[in-house]
1. Around residue A:152, with a cut-off of 10 angstrom between Cβ atoms, what is the net charge of the other residues, counting Lys and Arg +1 and Asp and Glu -1?
2. Counting other Cβ atoms within 10 Å of each Cβ, which trypsin sites (Lys or Arg not before Pro) in segment A:1-89 have at most 15 and sit in a DSSP loop?
3. Report the local net charge at residue B:44: Lys and Arg +1, Asp and Glu -1, summed over other residues whose C-beta lies under 13 Å from its C-beta.
4. Using the per-residue mean of other Cβ atoms lying within 10 Å as a proxy for protection, in what order, highest first, do the peptides A:171-177, A:100-106, A:151-157 fall?
5. With each label point set 7 Å from Cα along the Cα-Cβ vector, what nm distance links residue A:28 and residue A:13?
6. Specify the inter-centroid distance of segment B:48-65 and segment A:55-109, based on alpha-carbon positions, in whole Å.
7. I want to check the label-to-label distance for residue A:41 and residue B:46. Put each point 7 Å from Cα in the C-beta direction and report it in nm to one decimal.
8. What GluC sites (Glu not before Pro) in segment A:45-83 are in a loop by DSSP, with at most 16 other Cβ atoms within 10 Å of the Cβ?
Amino acid sequence: MTSFKFLSCFKCLAVAAGVAAVTGVGFLYSGLYPMGADDHHNDLTYWALETLRERSIARASNDIEVPTDLNSSERLLTGGADYNDMCTGCHLKPGKTESDFTLGLYPAPPNLTLTGDRHGHEHAGDTDNDDEAIKRQFWIIKHGIKASGMPAWGPGHDDQRIWNMVAFLQRLPELSPQQYQILTARGADDAGHH
Amino acid sequence: MKRQSLSYFVALPALLLALSAQAHDPKEHMKEAQAPDCAAMKDMDHSKMDMKDPVMQAMMKKCMKAMHKDEAESHEAHGDKGQTDHGNHDEKADEKKPAKHQH
């Protein structure tokens with residue numbers, strides 16, 4: 001009697017799983033899910049994707065070793081110039097609050113002139129200076145993030161160059177527009193300190 | 001057949017050239033490079049400046065470099081001007097000099 005009940009329950013579960021799978025595949029092929037960047041995810045989908053992203057990055061960046069000389073003036077100069085060339089369109093610079101990319105990309109790229117807790121990315125660390133946040137930034141710059149607009153800079157840039165950008169990011173939120181201009185300007189004979 | 005192998009000869013070097021140009025080279029940005037606005041440092045609150053701060057050290061390095069470059073350029077320009085003036089002077093002197101072998 002008990003085994004009969006168990007079998008029917010198992011059958012029930014198998015049928016339910018089959019129906020769910022067929023419904024899911026049917027939904028994928030139906031084309032009903034809106035893919036436009038101007039049509040935002042519902043809360044459940046957003047939470048699921050964000051959790052997937054953050055857990056994946058946290059696991060993957062766990063073993064990265066942070067250089068001890070991150071707070072050096074040379075790293076700031078090299079990383080600042082690269083940040084200005086490669087990142088400001090999406091992540092802004094002091095004195096700017098939006099760009100076409102920040103308005104149009106979804107999810108919106110974080111404004112890196114603000115500290116992690118102010119630009120709404122609490123997972124990046126409260127101060128943007130703790131080890132977890134630094135490892136996370138390095139990993140994201142190097143590997144990028146799928147379907148977010150964030151490219152992987154690793155294929156064209158060595159680790160030291162990426163660490164220089166990470167070093168610059170630690171000080172970026174406290175820079176004035178004038179300080180930013182001086183630090184990031186590539187003079188006529190400044191080839192990026194390479 | 002010949003046309004196909006010829007297209008390989010063209011396509012392969014073009015592909016290799018395209019791949020080699022993928023890495024971001026800072027020199028790419030040299031043409032549109034801005035000079036650091038070091039004059040803005042004069043307007044900053046010097047009492048709040050900490051010379052041990054890497055940001056301040058980096059700004060000083062950048063501006064010292066820019067200053068030396070400006071100085072070198074002005075010396076060079078001055079030198080060129082001096083040479084030009086000197087050259088003109090010589091020409092004028094030559095003009096004023098009576099030709100020794102004039103008859």
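1. Around residue A:152, the surrounding residues sum to +2.
2. Details: sites: A:5, A:11, A:53, A:55, A:59, A:75; in loops: none.
Sparse-neighbourhood loop trypsin sites (Lys or Arg not before Pro): none present.
3. Numbers: positive: B:42, B:48; negative: B:37, B:43, B:45, B:50, B:53.
Taking every Cβ under 13 Å from that of residue B:44, the sum is -3.
4. Details: A:171-177: 18.1, A:100-106: 13.1, A:151-157: 15.3.
The densest-packed peptide leads the list: A:171-177, A:151-157, A:100-106.
5. 2.3
6. So the separation of the two Cα centres works out to 22 Å.
7. 5.3
8. Details: sites: A:50, A:54, A:65, A:74; in loops: A:65.
Sites meeting the loop and neighbour criteria: A:65.
Since every read-out is calculated from the coordinates, none of them should be taken as a lab result. Just so we're clear, the structure is a prediction, and the values are computed from it rather than from any experiment. For neighbour counting, all protein chains shown are included, and Cβ atoms are generated from backbone atoms with ideal geometry for every residue, glycine included.
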